[in-house]
Amino acid sequence: IGPGDRELILAPGLMDMQINGYCGVDFNQPDQLSLEKIYSVVAAQRALGVAYFLPTITTGSFERMSRSLALIAEAMEDDNWGQSMPGIHMEGPYISAEDGPRGAHPREEARPPDWEEFLRLQEAARGNIRLVTLSPEYPEALDFIANLVKSDVIPALGHTNATPEQIRQAVDAG
């Protein structure tokens, strides 16, 4: 292949574990989100070689999160577009409220893990939440992590102010 020739590469599609939106589409703004906008993100990701991704919902009120989850779950049912979204990543709201570890997540919405609330969010998502990022610094975290594992949901530690011991306990919990 010489200069100016186009080199083609054949490779497996990529997987992105966290996409909050793309090309002006924000999965965390349900009032501005539509099925067509979600499909446009899928199409744009496919064009970049991303075959699969987890649409990611971040820390917010129960109402905002559940509306976004429900719309994404509906999009996942489409035979063409949905196959690129094998699950949903829920990043928060069970993260540290401390400045620094919290990052850009709203402080007023960061809260301890609540299994009953999670079940209601999972119901809104039609069972499609597959990954949850949380902080193990809360007393409720270990039971919550164990419940995630029993439910075939992957717990991930992030946005945390946990001590090394709390992290070890979280790993042991699942």
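What to note about this one:
- Carbon + sulfur, % of accessible area of region 4-92 - ligands and nucleic acids excluded, 1.4 Å: 52 percent
- Ordered from largest to smallest accessible area (heavy atoms of protein chains, 1.4 Å probe), the residues Asp114, Asp99 come out as Asp99, Asp114.
- Comparing Pro101, Pro155, Pro55 in a Gaussian network model of the chain (Cα springs below 10 Å), the most mobile by mean-square fluctuation is Pro101.
- GNM flexibility winner over the chain from Ser40, Ser96, Ser135 (Cα, springs under 10 Å): Ser40
- Close amide H contacts of Asp16 (hydrogens built in the peptide plane, cut-off under 5 Å, sequence separation of 5 or more or a different chain): Tyr52, Phe53, Leu54.
- Karplus-derived HN-Hα couplings along region 111-117 (A = 6.51, B = -1.76, C = 1.60, θ = phi - 60°), whole Hz, x at Gly and Pro: 7, x, x, 9, 4, 5, 5
- Considering helices alone, the calculated mean residue ellipticity of the chain at 222 nm is -10000 deg cm²/dmol, with DSSP H runs of length four and up weighted by -39500 (n - 2.57) and normalised per residue.
- The C-alpha radius of gyration of the chain, expressed as a fraction of 2.2 N^0.38 Å, stands at 1.13.
- With DNA, RNA and ligands ignored, accessible area of Asp172 (1.4 Å probe; Å², nearest 10): 130 Å²
- Taken per residue, the accessible surface of the chain reaches 53 Å², heavy atoms only and a 1.4 Å probe.
- Percent accessible area from carbon and sulfur atoms, region 115-167, protein chains only, probe 1.4 Å: 52 percent
- About its Cα centre, the dipole of the chain is roughly 280 debye, where the only charges are +1 on Lys and Arg Cβ and -1 on Asp and Glu Cβ.
The values are calculated or read from the model by the stated rules, or taken from the named source; none is laboratory data. What you see is a predicted model, and the numbers here were worked out from it, not measured in a lab. Because the Cβ atoms are built from the backbone with ideal geometry, glycine has one as well, and the counts that use them run over all protein chains shown. Ligands, DNA and RNA are stripped out before the accessible areas are found, and what is left, the full protein with its side chains, is counted by its heavy atoms. Shrake-Rupley method; radii C 1.70, N 1.55, O 1.52, S 1.80 Å.
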